[in-house]
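Encoded as structure tokens, the structure appears first; notes follow it.
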Amino acid sequence: MNLYEYEGRLLFKKYGIPVSNSGLASSPKEAKEIAERINPPYVVKAQVLVGGRGRAGGIQFAETPEEVEEATRRILGMTIRGVKVEKVLVAEKVDIEQELYVSFIINRGGRTIDFLVSPLGGINIEEIVKEKAESLLRQEIDPLLGLQEFMMRKAFKHAGLSKQLYGDFKALVSSLYRLFIEYDCELTEINPLALTKDYELVAIDSKIIVDDNSLYRHPDLLELRKERVRFKSDLERKAELYGLSYVELEGYIGILGNGAGLTMATMDLVSYYGGKPANFLDIGGGATKERVEKALSILLENNKVKVVFINILGGITRCDEVAQGIISALEKYGVKPVVVRMMGTREEEGKRILENEGIHVLDSMEEAARIAVELAKG
Ligand code: GDP
Ligand code: MN
């Protein structure tokens, strides 16, 4: 689960990591009311799960509640890297002296947790690496030993902060590490971590990714996920409750894939053959028949979808489970033309199940995409 900035800030507060006062709004009027409760000047921030909001115009400064209202009106109309902005965070603007970068991230290859620090914050990590790799300090934490004092000292020195700040820095990174461990995170990132003119360290942004397999032991996150739905379309809401990654788009070809990469490649192919994807929908790895049924029901219920293109690469995911899910969804939620490309684990069984019901399964992803587009264009 990828947390929104406002959700990350809630966790930061819980762990005593300093953040500015803020509130969440889904309309210009709400934003103005929040501004009236906190102190000027303000920053209005698009709440979307993609980075680089600043550059896309999704972060705007304002002096008065009226300006906050106007900025919110502008930002709520935006689409940032394909994602429609549905809510904004209105925060007190922090007076920044320097921007730093701090994160903890799972290093699968090394079986460690990497502790990254750079005195160059505010730009994204990929750019830091590309433009000034030497500015990034990477230390590998043995998860059994945990974050050690000497690592924090080294990081502090690298960050180049003045000595009197060590206590605050140590408290902040220890808390961030504790959050990382206790919430089963894959990533906790503060970029930028601001040094203010008053010599305080404040988290300006938050990026937190929690391992989905651990969500069952974080009831507060499940609660947050439920609250997200009040900003969504009915189908997006349903998908969220099912724990599916689903994003509605403008087109008419329903897409269902397993794995984000394959699903995006599927969307690209559909576009390549002149069609328009109606959505992104990833059922993830090892999906059960029930999960496939729920996922497909969303596409069958979406009136804009003329044809559904299902692209499955069986690994942990079993093609026969997927096939059964497809059949029962079509029985329960009504029939639409379905084009299936399926390969991998239990492929033969899966194909047999579908072909018994008159659904032909293709091996080539290109051919499947082309046929889906032809069918949709009637
Ligand atoms: P991102 O672009 O999606 O990473 O959004 P961020 O929250 O990291 O903000 C991007 C940039 O906007 C930061 O690096 C800052 O330069 C600026 N910014 C955001 N919030 C504040 C703030 O409270 N005060 C000041 N002075 N600048 C801010
Ligand atoms: Mn940022």
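Yes or no: segment 204-226 includes at least one residue that is farther than 30 Å from I298 by Cβ and not assigned by TED's automatic domain parsing to the domain that holds E301.
Checked segment 204-226: at least one residue is farther than 30 Å from I298 by Cβ and not assigned by TED's automatic domain parsing to the domain that holds E301.
So, in segment 159-215, of the ones that are within 16 Å of ligand 1 (Cβ to nearest atom) and hydroxyl-bearing (S, T, Y), which residue ends up surrounded by the most Cβ atoms within 10 Å (Cβ to Cβ)?
T188
Can you say whether A265 is assigned to a helix (DSSP H, G or I) and either modelled with pLDDT under 95 or surrounded by fewer than 19 Cβ atoms within 10 Å (Cβ to Cβ) (or both), as far as the supplied structure shows?
yes
Just checking, does segment 304-327 include any residue being open to solvent by 70 Å² or more (accessible area, probe 1.4 Å), free of Cβ contacts under 8 Å to residues at least 24 places away in the same chain and under 30 Å from the mean Cα position of the chain (by Cα)?
No, there is no match, as no residue in segment 304-327 is open to solvent by 70 Å² or more (accessible area, probe 1.4 Å), free of Cβ contacts under 8 Å to residues at least 24 places away in the same chain and under 30 Å from the mean Cα position of the chain (by Cα).
Of all residues being surrounded by fewer than 16 Cβ atoms within 10 Å (Cβ to Cβ) and within 16 Å of ligand 2 (Cβ to nearest atom) in segment 55-82, which is farthest from I204 (Cα to Cα)? Just the residue, please.
R81
Do you know which residues across segment 231-252 are in contact (Cβ under 8 Å) with a residue 24 or more places away in the chain and not small (G, A, S)?
Result: F231, K232, L235, K238, Y242, L244, Y246, V247, E248, L249, E250, Y252.
With the checklist (1) crowded, with 16+ Cβ neighbours inside 10 Å; (2) in a helix (DSSP H, G or I); (3) of a type in the set (V, I, T) in hand, flag the one item I255 doesn't pass.
(2)
Going by the structure shown, is Y166 among the hydroxyl-bearing types (S, T, Y) and more than 20 Å from G110 (Cβ to Cβ)?
yes
Taking the criterion of being farther than 26 Å from Q98 by Cβ and touching a residue at least 60 places away in the same chain (Cβ under 8 Å), would at least one residue in segment 183-200 satisfy it?
yes
Filter segment 32-46 down to the residues that are crowded, with 22+ Cβ neighbours inside 10 Å and closer than 18 Å to Y4 by Cα, then identify the one that is farthest from the chain's Cα centre (by Cα).
V44
Given G58, G82, G52, G23, which one is in contact (Cβ under 8 Å) with a residue 60 or more places away in the chain, within 12 Å of ligand 1 (Cβ to nearest atom), among the small types (G, A, S) and closer than 24 Å to M1 by Cα?
Testing whether each residue is in contact (Cβ under 8 Å) with a residue 60 or more places away in the chain, within 12 Å of ligand 1 (Cβ to nearest atom), among the small types (G, A, S) and closer than 24 Å to M1 by Cα leaves just G52.
In segment 113-130, which residues are away from ligand 2 (no atom under 16 Å from the Cβ) and open to solvent by 20 Å² or more (accessible area, probe 1.4 Å)?
K130
With the requirement that a residue be closer than 25 Å to N303 by Cα and either open to solvent by less than 20 Å² (accessible area, probe 1.4 Å) or of a type in the set (D, E, K, R) (or both), what does segment 343-358 give you?
Within segment 343-358, L354, E357 meet the criteria.
Please note which strands (runs of 3 or more DSSP E) are completely contained in segment 87-133 and include at least 1 residues that are within 12 Å of ligand 1 (Cβ to nearest atom).
88-92, 96-107
The values are calculated or read from the model by the stated rules, or taken from the named source; none is laboratory data. Keep in mind it's a predicted model, so treat the numbers as computed, not measured. Every residue, glycine as well, gets a Cβ built from its backbone with ideal geometry; the counts of neighbours run over all protein chains shown. Please note that ligands, DNA and RNA were not included when accessible areas were found on the heavy atoms of the full protein model with its side chains. Shrake-Rupley method; radii C 1.70, N 1.55, O 1.52, S 1.80 Å.
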